[in-house]
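Have a look at the structure below, then the notes.
FYI, it's all coordinate maths here, none of it is from the lab. Everything quoted here is computed from the prediction, not taken from an experiment. A quick note on method: Cβ atoms are made from the backbone with ideal geometry, for glycine too, and the neighbour counts reach across all protein chains shown.
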Amino acid sequence: MLWSKAFCHYTVLLLSLWFCVEAVPIAVDRTKVETPEEKLEAPQNVDTGLHYDRYLREVIDFLEKDQHFREKLHNTDMEDIKQGKLAKELDFVGHHVRTKLDELKRQEVNRLRTLIKAKQDAEGGHEMNHKVLLKQFEYMNHMNPHTFEVEDLDKLIQSATNDLENYDQKRHEEFKRYEMMKEHERKEHLKNLDEEHRKDEEQHYEELRKKHADHPKINHPGSQDQLKEVWKESDGLDPNDFDPKTFFKLHDTNGDGYIDEQELEALFTKELEKMYRPNLDEDDMTEMEEERLRMREHVMNEVDTNKDRLVSLDEFLMSTNKKEFLEPDSWETLEQAPAYTDEEMKLFEEQLAQEESNLNQKTSDLQKQKEELERQQEKLNAQKAELQPLDFPPHT
């Protein structure tokens, strides 16, 4: 798709998550591969992780249908996009597309209003922080809820670019919290056991750790050894015939001339399979995805010289001449590089204790309120009984 290739290239990460076809290793028995001429349809289930993901993709889908906008996109560089010059081309988009964009915006505004109202109801009807409320609308001009204008497209591009640039960091933070919570729950579980069962549980835990660490050597991501293994095991080719250019074409699965982040992550599947299997207790699939993310970030830092979150053929070939490619250092896996420090774990547990204390206090306050309401209800019932007229027997 033209939109996929051009906008992904110019706006860094924005569309590398939208319209890139997920790479799947393929088995072939030839050493020359022609770049496919046919255009591949974008997967419909790609999710950027943004709370406005659906709105984002729907806007892109309809803008892509306008020929004028597609042509302007193809000839616009990244700096012009960041300065809002591409957004101004919205004024020249066809009427039917503009009408649909207006409809999409109205639907999105209604969706946000519904979510905010539901959140207010869940919090007992308390008024929300005004800044927090406006934060929900940063990707659109909320002062005009009826029509999709140039400012809306500019805000959408800027917000998505900024949010997605921070996406990896947020994932790392979420993983750190996941690991700390897992350790916290393990220690809490041990506290509830007697000494004998505690020793058995700790012994079992250490056995699982050792089993997980007992795996074949992990090749340095992006190194010659790692790529040759993919060439042999996934592509079915002779390692002695390894050719970087052919390898690139094989794994540029959508044929757009770049290896995007999803295509790159697919190259690490064989390495990850050495360490993780979904049916084993000692292997955590959440940790596997974090390891995949670490590998992808490392290779991008080494190979993606212009930092557009895409690997071009020139960048790839240049990387194969570096010492890091030919003679890499050993790769430090997650088990060798803990996600958190002792100080971070201590702070995390203090925060959990504070949250638990606050929750207990809130529960206690609610219980007291309930008891007070019950006392008041009893008092009202008694007063009501006193005010009711007495029933006298009829006169004879």
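Can you tell me which of 347-357, 245-255 comes out highest on packing, and rank the rest after it, using the mean Cβ neighbours within 10 Å?
Values: 347-357: 11.9, 245-255: 20.1.
Ranked from most to least packed, the peptides come out as 245-255, 347-357.
Round to the nearest 0.05 the FRET efficiency obtained for K85 and H298 when R0 = 30 Å and r is the Cβ-Cβ distance. Spell out each step's value before the answer.
Numbers: r = 34 Å, r/R0 = 1.15.
Once rounded, the FRET efficiency stands at 0.30.
Would you list which lysines come within 29 Å of K384, measuring only between C-alpha atoms, while excluding same-chain residues fewer than 8 positions from it?
K368, K370
Given N residues in the stretch 214-340, what is its alpha carbon radius of gyration divided by 2.2 N^0.38 Å? List each step's numbers first, then the result.
Working: Rg = 14.5 Å, N = 127, 2.2 N^0.38 = 13.9 Å.
Ratio of Rg to 2.2 N^0.38 Å for the stretch 214-340: 1.05.
When the distances between all Cα atoms of the stretch 162-275 are binned every 5 Å from zero, what whole-number percent does each bin get?
2, 9, 12, 13, 14, 12, 11, 9, 7, 5, 3, 1, 0
Across the stretch 210-215, in residue order, what do the Karplus-derived ³J(HN,Hα) couplings come to in whole Hz, using 6.51 cos²θ - 1.76 cosθ + 1.60 with θ = phi - 60° and x for Gly and Pro?
Rounded to whole hertz, the list is 5, 5, 5, 6, 8, 9.
Quickly work out the K199-to-D241 label distance, labels modelled 7 Å from Cα along the C-beta direction, and quote it in nm with one decimal.
Those two pseudo-labels are separated by 6.1 nm.
What are the equivalent ellipsoid semi-axes of the stretch 77-235, built from the alpha-carbon gyration tensor (square roots of five times its eigenvalues), in whole angstrom, biggest first? Please list the in-between numbers first.
Values: eigenvalues 458, 183, 31 Å².
Over the Cα atoms of the stretch 77-235, the semi-axes work out to 48, 30, 12 Å.
Do the alpha carbons of any pairs in K72/K270; K176/K245; K191/K211 sit beyond 31 Å of each other, and which pairs? Walk me through the numbers before you get to the answer.
On the way: K72/K270 41 Å; K176/K245 38 Å; K191/K211 25 Å.
Beyond 31 Å between Cα atoms: K72/K270; K176/K245.
On full extension of the chain, what length is gained from E289 through R375, given 0.36 nm per residue of separation minus the C-alpha to C-alpha distance?
Numbers: separation 86, 0.36 × 86 = 30.96 nm, distance 5.50 nm.
Length gained between E289 and R375: 25.5 nm.
Which of the aspartates and glutamates could a cross-linker bridge to K85, judged by Cα under 16 Å and excluding same-chain residues fewer than eight apart?
Here the aspartates and glutamates satisfying the reach criterion relative to K85 are E71, D77, E149, E151, D152, D154.
Applying 1/(1 + (r/R0)^6) with R0 = 22 Å to the Cβ-Cβ distance of R171 and E138, what FRET efficiency is obtained, to the nearest 0.05?
Working: r = 21 Å, r/R0 = 0.94.
It comes to 0.60.
For each pair in K105/K307; K119/K379; K100/K170; K210/K322; K182/K346, compute the distance between the two Cα atoms and list the pairs where it is over 24 Å.
On the way: K105/K307 32 Å; K119/K379 35 Å; K100/K170 33 Å; K210/K322 35 Å; K182/K346 14 Å.
Pairs exceeding 24 Å: K105/K307; K119/K379; K100/K170; K210/K322.
Note the full-extension length gain between E206 and E151 as 0.36 nm times their separation in residues minus their Cα-Cα distance, in nm to one decimal. Working shown, then result.
Details: separation 55, 0.36 × 55 = 19.80 nm, distance 5.69 nm.
Between E206 and E151, full extension yields 14.1 nm more.
Expressed in nm to one decimal, what extension gain is obtained for the pair Q383 and H96 from 0.36 nm per residue of sequence separation less their Cα-Cα distance?
Numbers: separation 287, 0.36 × 287 = 103.32 nm, distance 6.88 nm.
Answer, rounded to one decimal: 96.4 nm.
Explain nothing, just compute: Karplus ³J(HN,Hα) = 6.51 cos²θ - 1.76 cosθ + 1.60, θ = phi - 60°, for every residue of the stretch 240-248 in order, whole Hz, x for Gly and Pro.
Values, residue by residue: 5, 9, 4, 9, x, 5, 5, 4, 4 Hz.
Could you derive backbone 3J(HN,Hα) for the stretch 96-111 from the dihedral phi with the Karplus parameters 6.51, -1.76 and 1.60 (θ = phi - 60°), listing whole Hz in sequence and x where the residue is Gly or Pro?
With coefficients 6.51, -1.76 and 1.60, one gets 5, 6, 4, 4, 5, 5, 4, 5, 4, 5, 4, 5, 5, 4, 5, 4 Hz.
Please find the FRET efficiency linking K182 to D281, where r is the Cβ-Cβ separation and R0 is fixed at 22 Å, and quote it to the nearest 0.05. Numbers along the way, then the final one.
Working: r = 13 Å, r/R0 = 0.61.
So the FRET efficiency works out to roughly 0.95.
Using just the C-alpha positions of the stretch 52-158 as equal point scatterers, what log10 of I(q)/I(0) does the Debye formula give at each q in 0.10, 0.21, 0.22, 0.24 1/Å?
-0.33, -1.11, -1.19, -1.36
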